[in-house]
Amino acid sequence: MVIPARMASTRLPGKPIADIAGEPMVVHCWRRAIEADVGPVIVACAESEVARVIEAVGGVAVMTDPALQSGSDRVAAALKKVDPGEKHDVILNLQGDLPTLDPDSIRSVLSGFSRIEVDIVTLACQITDKNEISNPNVVKAVISMESNKTVGRALYFSRASVPAGLGSYYHHIGIYAYRRAALFNFISLPVSNLEKREKLEQLRALEAGMNIEVVLVDTVPLGVDTPIDLDRARVLLGSVVGNC
């Protein structure tokens, strides 16, 4: 499992080392990954400040080129350094801004590899708040899935309210598991037209004909993108620490 982390966030500079309940945010994410217990955990850093806080808690940090454009590129760069012998065939890309992520959700993503043709697996949760359906900041996953199933094939991802008509809507959760070959294939692809239009990286994979499976989980973790999100995370994790 690789957690890409960089300091140069537009809306929240220095995000990985922002303090939450006495620890940097990236350390909380690293702990959730360790608790999932599905394999080695590496933090792919763009800056030495991030590496230092991970190494201080006994984690493994790998420095990557700060000029890399995406988390997927950073994951692949770190993987080349730590696993040149290609021991690991499935690679999890766990975002470094999900400090409240349930370790069960990390484990769940691996269940999507039941079919050999699956290239990438990601997560989604059924939307219960109607306001999220029309919120462009909530990415909707359009899934081909049989009734009463919790795993299906991704047809599209959008910031719009799709699909039309009566039925469930699904909130996409940006955690990805790649087959190794699929990861390197993905980062070699040019940015696609729909990816540019929706500003959603996963559409590049769909446009290229890659197969993405979606696993449903029960909760959406808090993503920390703004100072308001950071305050919410401090309240949530501060109450957990206080009750320990």
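Taken together, the values in this text are just the output of simple stated rules run on the coordinates, not laboratory data. Everything numeric here is computed off the predicted structure, so don't read it as measured data. Cβ coordinates were reconstructed from backbone atoms using ideal geometry, including for glycine residues, and neighbour counts include every protein chain displayed.
Charging the Cβ of each Asp and Glu at -1 and of each Lys and Arg at +1, and nothing else, the dipole of the stretch 1-129 about its Cα centre rounds to 180 debye.
Under a Gaussian network description of the chain, with springs only between Cα atoms under 10 Å, the residue in I91, I116, I17 that fluctuates furthest is I116. Residue order for E198, E117, fewest other beta carbons within 10 angstrom first, comes to E117, E198.
For the residue pairs K87/K199; K130/K199; K80/K140; K80/K149; K81/K149, the alpha carbons lie more than 29 Å apart in K87/K199; K80/K140; K80/K149; K81/K149. Could you tally the net charge around D97, taking each other residue with its Cβ under 13 Å from the Cβ of D97, Lys/Arg +1 and Asp/Glu -1? Result for the local shell: +3. Where (i) 123; (ii) 134; (iii) 191 are the candidate values, the label of the one calculated here for volume of the Cα convex hull per residue in Å³ is (ii).
Each Cα pair under 8 Å and six or more residues apart adds its sequence gap; the mean of these over the residue count of the chain is a relative contact order of 23 percent. How many angstrom separate the Cα center of the stretch 178-235 from the Cα center of the stretch 17-31? Answer, in whole Å: 22. Once a ≥ b ≥ c are taken as the square roots of the eigenvalues of the Cα gyration tensor of the stretch 115-244, is the result rounded (a/c under 1.5), prolate (a/b larger than b/c) or oblate (a/b not larger than b/c)? Because a/c hits 1.5 or more and a/b exceeds b/c, the stretch 115-244 counts as prolate.
Classification of the stretch 46-114 by its C-alpha gyration tensor yields an oblate form. The axis ratio a/c (a ≥ b ≥ c) is 1.5 or more, and b/c is at least a/b.
The Cα center of the stretch 72-111 and the Cα center of the stretch 135-177 differ in position by 22 Å. Give the percent of DSSP beta bridges with both residues in the chain that are antiparallel, rounded to the nearest 5. Here the antiparallel bridges make up roughly 60 percent for the chain.
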